[in-house]
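Reading through the structure tokens given below for one structure.
The values are calculated or read from the model by the stated rules, or taken from the named source; none is laboratory data. Please read these numbers as outputs of a predicted model, since none were measured by experiment. For neighbour counting, all protein chains shown are included, and Cβ atoms are generated from backbone atoms with ideal geometry for every residue, glycine included. These area figures cover heavy atoms from the full protein model, side chains too; ligands, DNA and RNA do not enter into them. Shrake-Rupley method; radii C 1.70, N 1.55, O 1.52, S 1.80 Å.
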Amino acid sequence: MSYPYFPFSLCQQEDGQFMLSSPYGECKVNRDAAAILRLCNGSRSLQDIVGKLQARYDLDHALMHVKSEKLINNLAAKGLVWIKEKPMRWFNAPPPQTIFWEVTSRCNLQCLHCVVSAGESVTHDLSTRRCLELIDEWAAIGVQEITFSGGEPLLREDLFELAAAAKQRNLTISMATNGTLMTRDVARRCKALGFDVQISLDGSTAEIYGAVRGRKEAFADVMEGIRNTLSEGVNLTVGTVLTKNNVDDIPELLKLVERSGIPYFRLIPFIPSGRGQQNRDLELDPLQVKKVSEELVAQRDLWSFTILPVEFELTFSAPSGASLDRSRASECGGATHYCTVTPSGAVLPCHYFEGVVTHSVRNRSFMEVWRNSRFLNYFRSIEIGDIKGYCHDCRWLADCRGGCKAANFSYKDPFQSNRHCWVVRENQ
């Protein structure tokens, strides 16, 4: 039995056809295809869909089945329909521990790998009043932490008002910033509120940094921002998105982190989402990522700063031997322990899933969206047994549960073996 799910949007055009919009682009479909897609809700089987269509259009059942199955399979091959062998479930999910909050889509840089294509504002950010209401709700339901991001969160004029409101309600606050706007005054305000800060640094020189971040002159600004942050005693992590542009620069970047007195370093995988879809050539082969990751792990004790865990680091040790329950959720933490709230108010498992149809907190309470969003519940319904390919029988599957789902989402195939895993790559 197959249960198809269409997670994207349809909009009727003047010519009577429908525009299908997804993170992978747009295409037109006719009225009959649109009718089929609207019934693909993850809860109905193909048989259920055909039955509803037959009742509506009084067509031959066998013919309708063949045509519906062909359309669904063709769109599934393009990543536009997802197919599971079990129906999605609805969960009475407890509130998340962490909210990753994109408070604005504005940014002063044009980074090639930007997940949200930040730059000029493309949407109306939530109002200050609505943001304060959300903070009240999150504190009341038991959320523990808010991470402010964007775009560039420091471009939002009321950022520190929102942060202060969260702090007053005993929420832990942190911020992900490009660091170019981190003046001494901003750093002092971060310190006064108890912000933890992550600053993006993708190269040890202006040329390497600027090749990805869009403006090499910004390298001096980010280094000044790092100095200001450290001088005010703010807890700082530097995050580096690993790409072909900077893979050979990692040794020099580590030396720069050491010289600068930065306490934490994080290597971030590149996922071709948002603006990154147009810059897929930046992505490394997983075996190249493995080489860098192995070197980082081996060097942990050689530096004064802490190198935070890297993706799939667990494969450098023997599997735990934990029993594998294939009906267990193949969860990565998204839509369960944490979620992303976008500038428009959409609630997503994480920011890599922008483009799916989900509800917004602009006009609804967070808990209403959290519990009733079909996409969030579908995401929670993905089981280890849904994973195909090499991962299906991997020795580490009980531990990693299939890893990051966003990597596969960016390649239109959410249920295949993980695109980032070097174990998969070595055994293909």
Across ILE199, ILE36, ILE99, the residue with the highest GNM fluctuation in the chain (Cα network, 10 Å cutoff) is ILE36
Out of CYS11, CYS391, CYS111, a Gaussian network model of the chain with alpha-carbon springs under 10 Å gives the largest mean-square fluctuation to CYS11
The aspartates and glutamates whose Cα lies under 16 Å from the Cα of LYS67, excluding any fewer than 8 residues away in the same chain, are ASP32, ASP48, ASP58
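If you add up the charges near GLY42, with Lys and Arg at +1 and Asp and Glu at -1, over every other residue whose beta carbon is less than 9 angstrom from its beta carbon, what do you get?
+3
If you take the square roots of the eigenvalues of the alpha-carbon gyration tensor of segment 109-195 and sort them as a ≥ b ≥ c, do you get rounded (a/c under 1.5), prolate (a/b over b/c) or oblate?
Numbers: a/c = 1.94, a/b = 1.33, b/c = 1.46.
Because a/c hits 1.5 or more and a/b fails to exceed b/c, segment 109-195 counts as oblate.
Does the chain come out rounded, prolate or oblate by the C-alpha gyration tensor, with a ≥ b ≥ c the root eigenvalues, rounded set by a/c under 1.5 and, if not, prolate when a/b is larger than b/c and oblate if not?
Values: a/c = 1.86, a/b = 1.48, b/c = 1.26.
Since a/c reaches 1.5 and a/b is larger than b/c, the shape of the chain is classed as prolate.
What net charge is computed for the residues neighbouring GLN110, neighbours being all others with C-beta under 15 Å from the C-beta of GLN110, Lys and Arg scored +1, Asp and Glu -1? Mind showing how you got there, number by number?
Details: positive: ARG106, ARG213, ARG215, LYS216, ARG275; negative: GLU120, GLU152, ASP202, GLU217, ASP221.
Residues near GLN110 contribute 0 overall.
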For the ASP248, ARG31 Cβ pair and Förster radius 45 Å, calculated FRET efficiency rounded to 0.05 is 0.25
Per GNM of the chain with C-alpha springs under 10 angstrom, the most fluctuating residue out of VAL356, VAL66, VAL297 is VAL66
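In the structure shown, do any of LYS78/LYS216; LYS216/LYS291; LYS52/LYS78 have a Cα-Cα gap over 30 Å, and if so which?
Details: LYS78/LYS216 37 Å; LYS216/LYS291 28 Å; LYS52/LYS78 25 Å.
Exceeds cut-off: LYS78/LYS216.
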Taking a crude spin-label model, label points 7 Å out from Cα along the C-beta direction, the LEU324 to TYR57 distance in nm is 4.1
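Using a cut-off of 9 Å between beta-carbons, work out the net charge of the residues near PHE91 (Lys and Arg +1, Asp and Glu -1, PHE91 not included). Don't jump to the answer; show the numbers that get you there.
Values: positive: ARG89, ARG371, ARG380; negative: none.
Charge balance in the 9 Å sphere: +3.
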Of every hundred units of 1.4 Å-probe accessible area on the chain, the number belonging to carbon and sulfur atoms, as a percent, is 48
So the angle from the long Cα axis of helix 61-77 to the longest Cα principal axis of the chain, reported in degrees to the nearest 10, equals 20
Inter-part gap, Cα centre of segment 215-234 to Cα centre of segment 350-394, in whole angstrom, is 36
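Sort segment 3-84 into rounded, prolate or oblate with this rule: let a ≥ b ≥ c be the square roots of the eigenvalues of the Cα gyration tensor; rounded if a/c is under 1.5, and if a/c is not under 1.5, prolate when a/b is larger than b/c, oblate otherwise. Display every interim value, and only then the final one.
Numbers: a/c = 1.98, a/b = 1.29, b/c = 1.54.
Oblate, since a/c reaches 1.5 and b/c is not below a/b.
For the chain, report the accessible area per residue in Å² (1.4 Å probe, heavy atoms, rounded to an integer). List each step's numbers first, then the result.
Numbers: 18990 Å² over 428 residues.
The answer is 44 Å² per residue.
Kindly provide the helix-only [θ] at 222 nm of the chain, computed as the sum of -39,500 (n - 2.57) over DSSP H runs of four or more divided by all residues, to the nearest 500 deg cm²/dmol?
Details: 15 runs with 147 residues, N = 428.
After summing the helix terms and dividing by the residues of the chain, the value is -10000 deg cm²/dmol.
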